[in-house]
Amino acid sequence: MNKNNTSPRLCGTLGGMLLAATLPAHGYEMADLGHSTVDIDIQALLGAFHSDRGYANGAAEARRYRWQEGVLTLGAELNPKEGGLYGRVSTVGTATWGDGDAAGFTSGNERELELEDAFLGYRSESLGDPGSPWRLDVSAGRQPITLGDGFLVAGDATSLGDALGDELDRGGAYYLAGRQAFDRTAMVTLGREGWQGQLAWFESDNTAQASTEMAALTLSHDHGSGLVEATYLRGLGVDEAQADEFLAQRDGMDVYGLRVEQRLLDEALSLRGELAHQRKDTRENAWAVEPAWTFSELPGQPTLSLRYSRFSEGWDPLFFGATRGYGTWFQGEVAANYAGPFNSNAEVWRLGLEGSVNESLNLGLLAYDFSSRDTVDQPDMGGREYNLYLEWLPTDWLYVSPLLGWYAPDRSAEQGGTQLGDDDTSFYAQLLVGVFF
């Protein structure tokens, strides 16, 4: 039985895009300490959303949904001018208004102010002989952690509201996912001449993640035109009172990953691929391959990409998140956030065309085809989705991004799918506005 009253496939896979992956970073210098500065920053994210349908993954009903979300972050940082001590303390306020999201994870009544970042670290650009420098970075405290491309870990971003119970309420702002920091972490990164190793320990305080604790080891080599990275994750424990049968398997889980990036033909062609294997009560696999071609001689230098990704029936998507903007690794704005699939029990084709009108305006079109591998014991989350979006940065402190989406499920909830009411094509729209100081 799932003690959180949500599908075990969803816990740990939901939440909005990690917008910080594409948005500008700013700060106002408050003090110059010689070797370092003390900076403060304010970030505000607002989102307005519309969905023609609800989806049977939370407490949603068969009706139209309109809601708004907000995230306000105030932070202070210690930044070394070269190597030395660094740190950050920040607080974040999150809220959801209106009907709540289209999956029914928020009610529209969420308001919360919490500590976000609180960590200290030390970094050195060179240790030992200057002719063969080593790079060292050590940090500990509350902070976000991302491994590789975010296929496995990209912060503790799942942000449910009170619609499924107060014990799951993390302050709402489900799509914007303003809370990224793990509750407790320690991380050491050591690099030299294209090689980098990383050892990390992190523990979540997120009930939807059953307060998962994990350790990670990565080793990567950048050879100039690409990189190869190997990852190992070990599940160290979960909160048994919060975990269902699915999340309980993280205690003792082993995850092995291999990621490859390569640029070819004067960097016009890029290839990305990732393969991961989980050992828990069952053996699960996930992999993706993504070629892309950039037409550098055309106006706007458009990039055409094709990705195929496959996730086995019992794959645990852990803490995946967005690191390269729309579509990674939240595949489809409706599918990845409300309807499913959520990077488990799925095969996904994605075709993307993205380009720039000018230095401040980017356009993109993404098309998806989803199919579920197991439709007997799990919902059929097959369907198609189309996203048309714009990203506009008119100044260095303002970000505006409207998006239109069309989602066509193979089946309605009554037929074994998740879309409530019918299996007709549903219209979706969102507008994101970010202000950064």
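The values are calculated or read from the model by the stated rules, or taken from the named source; none is laboratory data. What you see is a predicted model, and the numbers here were worked out from it, not measured in a lab. Cβ coordinates were reconstructed from backbone atoms using ideal geometry, including for glycine residues, and neighbour counts include every protein chain displayed. With ligands, DNA and RNA removed, areas are computed over all heavy atoms of the protein, side chains included. Shrake-Rupley method; radii C 1.70, N 1.55, O 1.52, S 1.80 Å.
Taking GLY104, is it under 23 Å from GLY417 (Cα atoms), at pLDDT 95 or above and crowded, with 16+ Cβ neighbours inside 10 Å? So GLY104 fits the description; yes. Here PHE330 meets each of (1) under 15 Å from ARG307 (Cα atoms); (2) assigned to a loop (DSSP other than H, G, I, E, B); (3) open to solvent by 10 Å² or more (accessible area, probe 1.4 Å) with one exception, condition (3).
Considering (1) closer than 25 Å to GLY70 by Cβ; (2) touching a strand residue (DSSP E or B) at 6+ places or on another chain (Cβ under 8 Å); (3) not in a loop (DSSP other than H, G, I, E, B), the lone condition that ALA102 does not fulfil carries the number (3).
Inside the stretch 273-298, can you point out the residues that are in contact with a strand residue (DSSP E or B) (Cβ under 9 Å, 6 or more places away or on another chain), closer than 25 Å to VAL357 by Cβ and open to solvent by 70 Å² or more (accessible area, probe 1.4 Å)? Those that are in contact with a strand residue (DSSP E or B) (Cβ under 9 Å, 6 or more places away or on another chain), closer than 25 Å to VAL357 by Cβ and open to solvent by 70 Å² or more (accessible area, probe 1.4 Å): TRP293, PHE295, LEU298.
Among the residues examined, ASP205 does not qualify as part of a strand (DSSP E or B), surrounded by fewer than 20 Cβ atoms within 10 Å (Cβ to Cβ) and either of a type in the set (S, T, N, Q) or in contact (Cβ under 8 Å) with a residue 12 or more places away in the chain (or both). Looking across the stretch 310-327, the residues that are assigned to a strand (DSSP E or B) and either under 30 Å from GLU267 (Cα atoms) or open to solvent by 10 Å² or more (accessible area, probe 1.4 Å) (or both) come down to ARG310, PHE311. Across the stretch 385-432, the qualifying residues are those that are touching a Phe, Trp or Tyr at 6+ places or on another chain (Cβ under 7 Å) and of a type in the set (A, V, I, L, M, F, W, C), and the one among them that is least open to solvent (accessible area, probe 1.4 Å) is LEU403. Among the residues of the stretch 229-263, which ones are among the hydrophobic types (A, V, I, L, M, F, W, C) and part of a strand (DSSP E or B)? The answer is ALA230, LEU233, LEU236, VAL255, LEU258, VAL260.
Looking only at the stretch 264-283, count how many residues are part of a strand (DSSP E or B), of a type in the set (A, V, I, L, M, F, W, C) and free of Cβ contacts under 8 Å to residues at least 60 places away in the same chain.
The total comes to 4.
On inspection, SER139 passes the criterion of being in a strand (DSSP E or B), open to solvent by less than 20 Å² (accessible area, probe 1.4 Å) and among the hydroxyl-bearing types (Ser, Thr, Tyr). Where strands (runs of 3 or more DSSP E) fall entirely within the stretch 26-88, those with at least 1 residues that are at negative phi and at pLDDT 95 or above are at 36-51, 65-80. Could you tell me whether ARG123 is within 22 Å of MET187 (Cα to Cα), at pLDDT below 95 and assigned to a strand (DSSP E or B)? Criteria met by ARG123. It is to be established whether one or more residues within the stretch 140-147 are farther than 19 Å from PRO317 by Cα and of a type in the set (Ser, Thr, Tyr). No, because not a single residue in the stretch 140-147 is farther than 19 Å from PRO317 by Cα and of a type in the set (Ser, Thr, Tyr).
Yes/no matrix, rows are residues, columns are (1) polar (S, T, N, Q); (2) over 23 Å from PHE49 (Cβ atoms):
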position	(1), (2)
THR106	yes, no
ASN109	yes, no
TYR122	no, yes
GLU125	no, yes
SER139	yes, yes
ALA163	no, no
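When ARG307 is tested against (1) more than 24 Å from GLY235 (Cβ to Cβ); (2) open to solvent by 30 Å² or more (accessible area, probe 1.4 Å); (3) of a type in the set (Lys, Arg), only condition (2) is not met. Scanning the stretch 315-325 for residues that are touching a residue at least 40 places away in the same chain (Cβ under 8 Å) and either farther than 27 Å from TYR399 by Cα or out of contact with any strand residue (DSSP E or B) (no Cβ under 9 Å at 6 or more places or on another chain) (or both) gives ASP316, PRO317, LEU318, ARG324.
Here the stretch 80-97 is the region considered, the condition is being among the hydrophobic types (A, V, I, L, M, F, W, C) and over 13 Å from ASP117 (Cα atoms), and the residue that is surrounded by the most Cβ atoms within 10 Å (Cβ to Cβ) is ALA95. So which residues in the stretch 175-184 are closer than 21 Å to LEU74 by Cβ and not in a loop (DSSP other than H, G, I, E, B)? Of everything in the stretch 175-184, those that are closer than 21 Å to LEU74 by Cβ and not in a loop (DSSP other than H, G, I, E, B) turn out to be PHE182, ASP183. Take the stretch 220-256 and flag every residue that is open to solvent by 50 Å² or more (accessible area, probe 1.4 Å), over 20 Å from ASN285 (Cβ atoms) and in contact with an Asp or Glu (Cβ under 7 Å, 6 or more places away or on another chain). Of everything in the stretch 220-256, just one residue is open to solvent by 50 Å² or more (accessible area, probe 1.4 Å), over 20 Å from ASN285 (Cβ atoms) and in contact with an Asp or Glu (Cβ under 7 Å, 6 or more places away or on another chain), namely LEU236. Checking each residue in the stretch 222-254 for being in contact with a Gly (Cβ under 6 Å, 6 or more places away or on another chain) and of a type in the set (Ser, Thr, Tyr) picks out only THR231.
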